[in-house]
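To keep things clear, I will list the structure first and then write my remarks on it.
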DNA sequence: CGAGTGTTTGACCTCTCTCAAGCAATGTGG
DNA sequence: CCACATTGCTTGAGAGAGGTCAAACACTCG
């Protein structure tokens with residue numbers, strides 16, 4: 001099941017695929033070198049737990065490749081995803097000792113980690129890191145607020161369409177193409193994970209995907225491979241006024 | 001309806017009621033003086049709109065007194081509150097020209113504003129401001145994620161109990177007391193605003209408040225004045241495992 | 001007094017959940 | 001190679017939580 005490409009670890013920061021988007025994006029060569037001294041890579045297999053909520057967390061880091069989720073669980077087992085971590089996204093919080101949420105790798109994943117203490121010290125001396133982290137956190141806050149509208153006010157069908165448009169948009173961004181017209185991509189989430197993302201049950205997710213397929217909004221090959229013939233139509237189904245919901 | 005105390009404008013930063021919690025919390029005397037040069041106060045009456053989503057926003061600022069809401073609206077009129085702005089909370093985003101959400105004063109309110117350009121310049125030269133803003137943004141992100149669990153997975157009754165516990169907790173914090181046992185406070189929101197906060201209709205909000213009252217979880221005097229005889233019981237109704245949901 | 005706003009309550013309906021059965025793909029051990 | 005788990009997904013039937021529509025109450029203000 002190991003994907004060679006996904007699991008590849010960059011040799012040094014210059015080669016790093018997230019060099020221009022991660023916390024280190026604004027760093028100069030000398031700053032990068034300082035970071036280089038305290039960084040190390042960790043690989044996770046699909047399904048593996050990176051950390052449990054409440055556990056002591058002595059590192060922070062960036063997702064280099066693969067996907068992870070941030071989830072919250074109630075005593076009775078109800079769970080809500082509160083973050084979807086894609087390459088370049090930051091994990092952990094400077095100044096906090098314990099993880100606030102469960103972090104789970106949903107695909108094989110590589111993280112670029114920094115021991116928390118040295119990172120915090122470096123951050124206080126390197127404005128470029130703090131600046132970038134602020135920018136990223138503000139973006140995440142925007143994404144969370146967009147998500148709140150989805151959770152609070154959209155119908156099941158709109159929720160699914162919203163999620164698909166978010167994934168399609170991100171996928172287009174990776175390929176450096178504009179999200180319009182016909183698009184093809186793979187779902188990085190199981191039906192259950194989609195349900196946890198959207199505050200639905202997996203049965204409702206399945207039903208609504210079937211409905212969107214029946215109505216020609218999407219085509220399915222297998223369970224995960226999706227074709228969107230008309231992206232504008234999808235946005236319409238999501239209830240978004242063309243600009244749409246953006247994900248960090 | 002004007003509340004003299006609420007509308008009072010601090011003479012200078014030393015007297016400011018939010019001095020120790022706002023963006024300026026970490027600033028030294030000299031930094032405070034720089035801020036003082038670019039700050040000005042604005043007052044809003046209850047119900048007044050501070051800014052509409054999409055409008056050009058040439059300032060940022062802090063809520064000094066009173067309460068405001070951040071809301072998002074879909075074309076068909078469905079609205080979702082995505083932020084509740086209490087004294088010391090920050091409004092606006094450095095590096096962005098347009099407001100992303102509607103900001104509405106729900107009570108008489110005073111803001112301490114800074115023109116955006118000078119503030120951004122000052123921020124790049126004053127790490128203390130950027131540090132504090134990062135800290136506040138991370139707190140807001142945590143609050144947003146707690147809120148996502150409420151929106152996505154809680155029942156109407158749990159949602160109401162969650163909101164009441166958040167307000168009770170914040171109120172206790174203002175009075176520097178611990179949230180336990182018996183508590184008394186006023187609701188700062190209309191039933192409709194509570195509905196927009198929780199992703200419900202105002203009828204459901206009303207019904208669930210009546211139910212909580214009937215079951216003795218809360219007592220009502222008038223529409224807004226609430227007594228919680230047993231805070232632990234309220235947390236239990238909210239489905240929180242004692243630590244509960246915290247608001248920035 | 002009447003208008004307006006915020007709230008409560010009732011009756012009904014619908015969307016989503018719950019429970020249940022079954023399918024497809026993959027893997028495992030005999 | 002074949003039973004048979006296991007996991008992820010689909011589909012159906014029935015139930016229930018919350019929404020919708022409607023009426024009426026309480027309070028404030030002119």
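FYI, it's all coordinate maths here, none of it is from the lab. Every value quoted in this text rests on a predicted model; they were computed, and no experiment measured them. As a convention, Cβ positions derive from the backbone with ideal geometry for all residues, glycine included, and neighbour counts pool all protein chains shown.
How shielded is B:99-107 by partner chains, expressed as the average number of their Cβ atoms within 10 Å of its Cβ atoms?
1
Once R0 is set to 22 Å, what does the formula 1/(1 + (r/R0)^6) return for the Cβ-Cβ distance between residue A:117 and residue A:30, expressed as a FRET efficiency to the nearest 0.05?
After rounding, the FRET efficiency stands at 0.60.
Counting just the Cα atoms, what span does segment B:155-238 cover along each of its three principal axes? Round to the nearest Å and put the largest first.
33, 24, 24
Gain in length, residue A:76 to residue A:155, computed as 0.36 nm per residue apart minus the alpha-carbon separation, to one decimal in nm?
26.0 nm
Mind ordering A:94-102, A:107-115, B:172-180 by average Cβ neighbours within 10 Å, highest first?
Packing proxy ranking, top to bottom: A:107-115, A:94-102, B:172-180.
Starting from the alpha-carbon convex hull of the protein assembly as shown, give the projected area averaged over all orientations, in nm².
Averaged projected area of the protein assembly as shown's Cα convex hull equals 23.7 nm².
Across peptide B:128-140, how many C-beta atoms of other chains are within 10 Å of each residue C-beta, on average?
That works out to 4 on average.
Could you state the orientation-averaged shadow area of the convex hull built on the Cα atoms of segment A:106-248, in nm² to one decimal?
Orientation-averaged projected area of the Cα hull: 10.1 nm².
With a cut-off of 8 Å between alpha carbons and a minimum separation of six or more residues, what is the relative contact order of chain A in percent?
20 percent
Roughly how many Å is it from the Cα centre of segment A:138-159 to that of segment A:62-129, as a whole number?
Between the Cα centres of segment A:138-159 and segment A:62-129 lies a distance of 20 Å.
Principal axis extents for segment B:1-96, Cα atoms only, whole Å, descending order, please.
On the principal axes, segment B:1-96 reaches 49, 37, 19 Å in Cα extent.
Working only with C-alpha atoms, what are the Rg and Dmax values of chain A, expressed in angstrom?
For chain A, the Cα radius of gyration and maximum Cα-Cα distance read 18.6, 56 Å.
Along the Cα-to-C-beta direction of residue A:98, a point sits 7 Å from the Cα; which residues of segment B:143-177 have their amide N less than 19 Å from that point?
Backbone N within reach: B:143-147, B:149.
Taking the Cα atoms of segment A:136-199, what is the range of coordinates along each of the three principal axes, in descending order and whole Å?
31, 28, 20
Which FRET efficiency value, to the nearest 0.05, is calculated for residue B:139 and residue A:12 with the Förster distance at 30 angstrom and r the Cβ-Cβ distance?
Working from the Cβ atoms, E equals 0.30.
How many Cβ atoms of partner chains, on average, are near each residue of B:195-203 if near means within 10 Å of its Cβ?
The shielding value for this peptide is 2.
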